[in-house]
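The values are calculated or read from the model by the stated rules, or taken from the named source; none is laboratory data. Since this is a predicted model, take the numbers as computed values, not measurements. Glycine gets a Cβ as well: all are built from the backbone with ideal geometry, and neighbour counts include every protein chain shown. Remember, those area values only see protein heavy atoms, side chains included, never the ligands or the DNA or RNA. Shrake-Rupley method; radii C 1.70, N 1.55, O 1.52, S 1.80 Å.
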Amino acid sequence: MNIGIVCYPTFGGSGVLATELGKALADKGYGIHFITYQQPVRLTGFSANIFFHEVRVPSYPLFDFPPYETALASTMVDVVKNNNVDLLHVHYAIPHASAAFMAKQILAEENIKVPFITTLHGTDITLVGRDKTYTPVVTFSINQSDAITAVSDNLRKETLENFEIKKEISVIHNFVDITRFSVKPMDAFKKAIAPNGEKIILHASNFRKVKRIVDVIYTFNKIKKSIPSKLLLVGDGPERHMAEDLCRELGIIEETRFLGKQQDMEDIYAIADLFLLPSEYESFGLAALEAMAAGTPVVATNTGGIPEIITHGKNGYLSGIGDVEQMSHQAISILSNDQVLNRFSEEARKQAESFDIHKIVPKYEDLYQRLLKK
Ligand code: GMT
């Protein structure tokens, strides 16, 4: 089977998940055709079954806004026709679902039948999609999808509550490759970050407002008053400069390291003692799952799909949005006792196993098979 995967190629969770899915399917013998404007960041290494098709958006003086969606739909048509693609799987509704709908119609004119699946990831529904500017097109193109999936029960519920969806939405949770994220900590790296055996607190995100980076910093500021610790911040985005300024203002810049965008997250999760995810909303929280797979317990907010991964008091803690006081207490309670830390770490890893790649990817395969039989 040949599958066209459309995603954002950046460090965001939807692109990461789409790329990991494509890689896993390619390992199983499927022909995978990534269609996007740039090589996806997690698409490293060579696989005979993976192809990358760049969407080029030629510029023209008239275009204040280059028409990416048109270029994407045209590229999808071209890739489907020239590579016998059986189905398209688009990740993140905007503008991928409407471009897929357009491609499907164009191909139908030539008697080529190609179904498309839309996987909803989060902000395409909860933030951007809800903006009136996009809602009619988002609603229409989700409804036109041959199958719809959401990455958590919560996102399914949010979608049904906020859009008039006339079709079944199947939940297929995010997944993680447990084997890959079970790497042993690199002592030299750990020592470079925490030379005196300090605990390492980690946060990784795209530094958007929804991530509440300020809460990461204030929570760390409280933790470090009780426990010698270092803060590692991975990623980049709009809130990065503000975050650096705040660390300077609080006098904790020496204990904080901004690592920027990183590829080999497994090495970073491996040295962390605790992961902080104080988001306003997370449809799932893939970064939390990856941390847990590495045996790093997570202190997060009780929002969106996060409670579908974290069991409060067992493999991490949940607290109210913005409650840095509680989050710091929870973190300290884990970090101040090595026995407790080991227990949470063990439980976090166990929990991540239920989202292992080998359990979740077959759910997508089943969906593809069912769709092609129709
Ligand atoms: O977290 C982000 O802001 C990136 C975003 C994306 O669409 O790339 O991530 C979303 O999709 C991930 C993969 O399904 C989920 O694990 C994240 O929770 C979700 N982010 C939000 O809902 C804010």
(request) Classify the range 273-374 as rounded, prolate or oblate, taking a ≥ b ≥ c as the square roots of the eigenvalues of its Cα gyration tensor: rounded when a/c is under 1.5, otherwise prolate if a/b is larger than b/c and oblate if not. (result) oblate
(request) Please work out the average accessible area per residue across the chain, using the 1.4 Å probe convention, and give it in Å². (result) 44 Å²
(message) Taking amide H atoms as placed 1.01 Å from N in the peptide plane, list the residues 5 or more away in sequence, or in a different chain, whose amide H sits under 5 Å from that of V171.
(response) A150
(message) Over the chain, with a Gaussian network built from C-alpha contacts below 10 Å, which listed residue (N162, N196, N83) shows the highest mean-square fluctuation?
(response) N196
(request) Pick out, from V214, I310, V340, the residue whose Cα sits farthest towards the positive end of the charge dipole of the range 178-353, with +1 on the Cβ of Lys and Arg and -1 on the Cβ of Asp and Glu. (result) V340
(request) Could you calculate the contour length gain from I112 to K157, that is, 0.36 nm times the residue separation minus the distance between their Cα atoms, to one decimal place in nm? (result) 12.8 nm
(request) Answer rounded, prolate or oblate for the range 178-353, using the Cα gyration tensor with square roots of eigenvalues a ≥ b ≥ c: rounded when a/c is under 1.5, else prolate when a/b is larger than b/c, else oblate. (result) rounded
(message) Below 13 angstrom from the Cβ of M265, what's the summed charge of the other residues (Lys, Arg +1; Asp, Glu -1)?
(response) -3
(message) Could you derive backbone 3J(HN,Hα) for the range 187-200 from the dihedral phi with the Karplus parameters 6.51, -1.76 and 1.60 (θ = phi - 60°), listing whole Hz in sequence and x where the residue is Gly or Pro?
(response) 4, 5, 5, 4, 5, 5, 7, 10, x, 9, x, 5, 6, 10
(request) Quick one: compute the contact order of the range 117-245, relative version, from alpha carbon pairs under 8 angstrom and 6+ residues apart, as a percent. (result) 19 percent
(message) Assuming 0.36 nm per residue, please report the length gained on full extension of the stretch N337 to K350 beyond their Cα-Cα distance.
(response) 2.7 nm
(request) May I ask you to derive the relative contact order of the chain, considering only C-alpha pairs under 8 Å and at least 6 residues apart, and to give it as an integer percent? (result) 14 percent
(request) Choose one answer from I165, I334, I148: the residue with the largest mean-square fluctuation in a GNM of the chain with alpha-carbon springs under 10 Å. (result) I165
(message) For a quick check: with amide H placed at 1.01 Å from N, whose amide H comes under 5 Å from R257's, ignoring anything fewer than 5 positions away on the same chain?
(response) L231, L232, L233
(message) Could you compute the longest span of the chain free of GluC sites (Glu not before Pro) located in DSSP loops and having at most 14 other Cβ atoms within 10 Å, not counting the site residues?
(response) 169-374
(request) Let me see the pair-distance distribution of the chain: every alpha carbon pair, 10 Å bin width, integer percents in order. (result) 5, 24, 32, 23, 13, 4, 0
(request) With 21 Å as the limit, write out which pairs from K23/K166; K230/K261; K167/K211 have Cα-Cα distances beyond it, or answer none. (result) K23/K166; K167/K211
(message) Using +1 at the C-beta of Lys and Arg and -1 at the C-beta of Asp and Glu, which of T139, I200, T118 has the Cα lying farthest in the positive direction of the dipole of the chain?
(response) T118
(message) Leaving ligands and nucleic acids out of the surface, order R180, R156, R257, R56 by accessible area at 1.4 Å, largest first.
(response) R56, R257, R156, R180
